[in-house]
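Quick note: the coordinates plus some simple rules give every number you see, no bench work behind them. Just so it is clear, the structure is predicted and the values come from calculations on it, not from any experiment. Here Cβ is always computed from backbone atoms with ideal geometry, including for glycine, and neighbour counts include all displayed protein chains.
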Ligand code: PEP
Ligand code: MN
């Protein structure tokens, strides 16, 4: 049994909990973790678990293997809204995040930033640190890239989301970005998750390419356990036997996550498909099935993109996607209000 205590646990509450656990005939082990007391003891019955869970100062009791708590509806029964520089994820509108795969230079970034803003995107994306399969591929401009992103925000007013790959870079990326992206390859990097959990910046956590919904949720739990509850989850395609697209977009993840968590959900049709022509239909499908945001790779000259060129759409294509998503949002809001009326 694992007893997760509240952060405001008093000494008296702690003593009562420990006495109650000892009263079950087992000896507890106490550790301090992420500013929280965690009490571990050998297996307990369901009845004793319920008894401990009722005690003041207890946040949650896990009977066997601990799982997620702060990401669940048990912890927060209302949907979380994450504010990124004034843009709300988890509100009534599907947020469109758009920009290049990688920051390639100041001029081209500004060109893309202006174009995605004109097309209706609300947040600018772009990697300054790129996780590349080969170490010899373009791995991003690093600090210069962050400064270019900040300049693009300055000019367009669009908040920026960019990936952080290394715990050592968190303070620097945190100073420049409005939202920290943890990429698919780092979803299981628990040190990085704990580090972004210590910041108070919104986090876009991408699903590992072979990760289950449970694993995505427990990875998000690392961030929330650190006290940072501003997390948006992102489905970006999973690896399957199918090779007609780069990955397989698991749209089932949207309702599956909705069922389990109060956190907003984003869908990335660009990395999910790897194909320019597939991005618009998948983005529409994501909005139609209730995604809170979509993230799309855009380039003004896709053939010149230094990274993921085959999946970059043009700003004109992005504008059409934004129009379709706005129309879908409108229909879905109408359906939701009609449903609410029918219930009344
Ligand atoms: C990205 O969004 O820039 C990216 C690298 O995606 P992923 O981590 O999903 O592969
Ligand atoms: Mn990319």
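One table, with the values for the structure above:
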quantity: Packing-based exposure ordering (other Cβ within 10 Å, fewest first) of 278, 148; calculated: 278, 148
quantity: Label-point separation, residue 300 to residue 50 (7 Å along Cα→Cβ), nm; calculated: 6.5 nm
quantity: For the chain: relative contact order, % (alpha-carbon pairs under 8 angstrom, 6 or more apart); calculated: 16 percent
quantity: Packing-based exposure ordering (other Cβ within 10 Å, fewest first) of 206, 230; calculated: 230, 206
quantity: Ellipticity estimate at 222 nm from DSSP helix runs (n ≥ 4, -39,500 (n - 2.57)) divided over the chain, nearest 500; calculated: -12000 deg cm²/dmol
quantity: Mean-position separation - Cα centroids, segment 285-318 and segment 246-267, in angstrom; calculated: 19 Å
quantity: Nearest-0.05 FRET efficiency for residue 190 and residue 63, computed from C-beta distance (R0 25 Å); calculated: 0.65
quantity: Between helix 213-225 and the chain: long-axis angle, C-alpha atoms, 0 to 90°, nearest 10; calculated: 70 degrees
quantity: Residues 75, 222, 136 arranged by fewest to most Cβ contacts within 10 Å; calculated: 136, 75, 222
quantity: Hull-based mean projected area of segment 155-246, where the convex hull spans the alpha carbons, in square nanometres; calculated: 6.8 nm²
quantity: Rg to Rh, two decimals, where segment 163-315 supplies the alpha carbon set and Rh follows Kirkwood; calculated: 0.97
quantity: Gaussian network model of the chain, Cα within-10 Å springs - most flexible of 245, 184, 273; calculated: 245
quantity: Projected label distance in nm at residue 316 and residue 336, using a 7 Å step from Cα toward the beta-carbon; calculated: 3.4 nm
quantity: Extent along principal axes [Cα atoms of segment 1-153; Å; largest to smallest]; calculated: 68, 41, 26
quantity: R0 of 22 Å, Cβ-Cβ distance residue 10-residue 200: FRET efficiency to nearest 0.05; calculated: 0.30
quantity: Centre separation in Å (Cα based) which lies between segment 42-73 and segment 1-37; calculated: 11 Å
quantity: Scattering profile of the chain at q = 0.16 Å⁻¹ [log10 I(q)/I(0), Debye over alpha-carbon scatterers]; calculated: -1.31
quantity: Estimated FRET transfer efficiency (residue 166, residue 326; beta-carbon r; R0 41 Å; 0.05); calculated: 0.65
quantity: C-alpha center-to-center spacing [segment 178-216, segment 88-132] in angstrom; calculated: 19 Å
